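The values are calculated or read from the model by the stated rules, or taken from the named source; none is laboratory data. For clarity, every value in this text was computed on a predicted model and none was experimentally measured. These accessible areas exclude ligands, DNA and RNA; they are computed on the full protein's heavy atoms, side chains included. Shrake-Rupley method; radii C 1.70, N 1.55, O 1.52, S 1.80 Å.
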Amino acid sequence: MSEERFGEFVLVRRHEQGHVAELALDRPKAMNAVSTEMARSVAAACAALGDDRDVRVVVLTSTHERAFCVGADLKERNSLSDAELVRQRPVARGAYTGVLELPVPTVAAVHGFALGGGFELALSCDVIVADRTAVVGLPEVSVGVIPGGGGTQLLPRRVGAARAAELIFTARRVEAAEARGLGLVDFLVDEGRDREEALALASRIAGNSPVGLRAAKRALRVGHGLDLRAGLEVEDAAWRSVAFSGDRAEGVAAFNEKRKPEWPGE
């Protein structure tokens, strides 16, 4: 396993011959509160991982024992003037869009608090694995703002408009069992096993065609919300992008020869 730092607060670990990248939030003294510097580092790490053709899956984790991420750094925000807040906004937004726009499948491993921007980072992933200590929520209206890291758009896509409205308007925190029942998280695992289970899921995903994974994610993301006819056109374009690839040829050959494929990744 290799490691690389992006600034002071983000650590990237490579697993599975580099095919699984773990993006670890590493600001333990602040329970991973997202400062301007940390947001910039998350965006930079995502840009590097998105460009790395060896990476097939990204797992978003935390090094803090009791929290995934408690959201925006409100102490920093309190010190900003209006003009500084305007300038800081694109930087903060870049962290969330960085995760959301990763071209490969993404898995969040959540334990403890995942609140506000912290939960929005998880919502930006394709799949969320949570342990039984997880507490999630979007409490922004309780401090006079709104979810600004994608929450108002991503949450209703998960749980429906009415449920998302209730959760955002009440600003309430949701514990792990209820979160699983509502679909706020996808897998509920034993305490302390969120990272292990997320990495295991990522390893299973990474065994598949890297060309196929990127195209499937593109079809899922671009097609979501379109009418069926338009969505099927998105799917067809994604299919055409892989149908004549080296991965497709290798996948069919390996299946017929009853062996494990060796993906060329092109």
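Within the same chain, lysines fewer than 8 places from LYS75 are excluded, and of the rest, those with a Cα less than 25 Å from its Cα are LYS29.
Hey, what angle do you get for helix 82-100 against the long axis of the chain, alpha-carbon based, 0 to 90 degrees rounded to 10? Computed tilt is about 30 degrees.
A simple rule links phi to the HN-Hα coupling: the Karplus curve 6.51 cos²θ - 1.76 cosθ + 1.60 with θ = phi - 60°, which for the range 166-173 gives 4, 5, 6, 5, 7, 6, 7, 8 Hz, with x for Gly and Pro. Solvent-accessible area assigned to carbon and sulfur over the range 1-101 amounts to 48 percent, based on a 1.4 Å probe. For helix 246-256, what angle does its Cα long axis make with the longest principal axis of the chain, in degrees from 0 to 90 and rounded to 10? Result, in degrees: 60.
What per residue convex hull volume, in Å³, comes out for the range 107-266 when only alpha-carbon positions are used? Numbers along the way, then the final one.
Details: hull volume 20.8 nm³, N = 160.
Cα-based convex hull of the range 107-266, divided per residue, equals 130 Å³.
Over the range 10-115, what is the relative contact order in percent, taking alpha-carbon pairs closer than 8 angstrom and at least six residues apart? Across the range 10-115, relative contact order equals 35 percent.
Across ASN208, ASN32, ASN78, mean-square fluctuation computed from a Gaussian network of the chain (C-alpha pairs under 10 Å connected) peaks at ASN78. So how tilted is helix 210-223 from the main axis of the chain? Cα-based, degrees 0 to 90, rounded to 10. Orientation of helix 210-223: about 50 degrees from the principal axis.
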